[in-house]
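Report on the following structure.
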Amino acid sequence: MQGDDDNERTYTALEIVTELFPATPEHLLPRRRTYRLERLENGDLQLQRGGRPVLTMETVPQSGNPSHKLSCDLCRHSAGRESMALLRISVPRSNGRKWRYLTACRDEVRCEARRHDDAVIERLLASL
């Protein structure tokens with residue numbers, strides 16, 4: 001029965017949640033995501049679509065009270081300042097004079113896991 005493993009059906013995250021937890025509110029259902037976050041060697045965060053870079057967010061040195069909590073603009077997770085990175089994006093056609101700032105988790109793998117969908121990223125891209 002070795003061949004049976006090859007024919008087993010796989011289920012999407014959405015199928016699993018709706019089958020096991022049918023009363024899950026709509027806004028908590030997992031959705032297909034087009035964008036992926038990737039941390040670069042220099043600490044910057046890159047937004048990718050289909051494996052291609054779409055946007056690079058530069059890491060900005062932080063200052064301020066380390067006991068303050070911040071909220072990630074991408075996954076809405078709240079944590080201490082040491083777990084969050086302040087990022088900036090140059091506004092197109094501003095010649096580097098205008099920047100858009102946001103806060104994101106330093107651990108992009110967990111941030112990716114917490115994101116429900118691409119809505120926040122799509123709004124960010126539309127505002128640039």
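The values are calculated or read from the model by the stated rules, or taken from the named source; none is laboratory data. Worth saying up front: this structure is predicted, and the values here are computed from it rather than measured. So basically every Cβ, Gly included, is an ideal-geometry build from the backbone, and we count neighbours across all protein chains shown.
Please give the number of the condition residue 68 fails out of (1) more than 15 Å from residue 111 (Cα to Cα); (2) surrounded by 10 or more Cβ atoms within 10 Å (Cβ to Cβ).
Here residue 68 meets the rest and fails (2).
Kindly indicate whether any position in the range 106-124 is over 27 Å from residue 12 (Cβ atoms) and surrounded by 14 or more Cβ atoms within 10 Å (Cβ to Cβ).
yes
Residue 93: surrounded by fewer than 10 Cβ atoms within 10 Å (Cβ to Cβ), more than 25 Å from residue 124 (Cα to Cα), free of Cβ contacts under 8 Å to residues at least 40 places away in the same chain and not hydrophobic (A, V, I, L, M, F, W, C), yes or no?
Against the criterion (surrounded by fewer than 10 Cβ atoms within 10 Å (Cβ to Cβ), more than 25 Å from residue 124 (Cα to Cα), free of Cβ contacts under 8 Å to residues at least 40 places away in the same chain and not hydrophobic (A, V, I, L, M, F, W, C)), residue 93 does not qualify.
Could you count how many residues in the range 59-89 are within 22 Å of residue 123 (Cα to Cα) and touching a residue at least 24 places away in the same chain (Cβ under 8 Å)?
Summing the residues that are within 22 Å of residue 123 (Cα to Cα) and touching a residue at least 24 places away in the same chain (Cβ under 8 Å) in the range 59-89 gives 15.
Are there any pairs with C-beta distances below 7 angstrom linking a residue in the range 106-127 that is of a type outside the set (S, T, N, Q) and outside any helix (DSSP H, G or I) to a residue that is surrounded by 13 or more Cβ atoms within 10 Å (Cβ to Cβ) and at pLDDT 90 or above, with the two at least 6 apart or on different chains, and if so which?
Close Cβ pairs (under 7 Å, with a partner that is surrounded by 13 or more Cβ atoms within 10 Å (Cβ to Cβ) and at pLDDT 90 or above) amount to 106/83; 106/84; 106/85; 115/74; 115/75; 118/35.
Conditions tested, residue by residue: (1) among the hydroxyl-bearing types (Ser, Thr, Tyr); (2) at pLDDT 90 or above; (3) within 12 Å of the chain's Cα centre (by Cα); (4) under 30 Å from residue 19 (Cα atoms).
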site	(1), (2), (3), (4)
54	no, yes, no, no
96	no, no, no, no
101	yes, yes, no, no
112	no, no, yes, yes
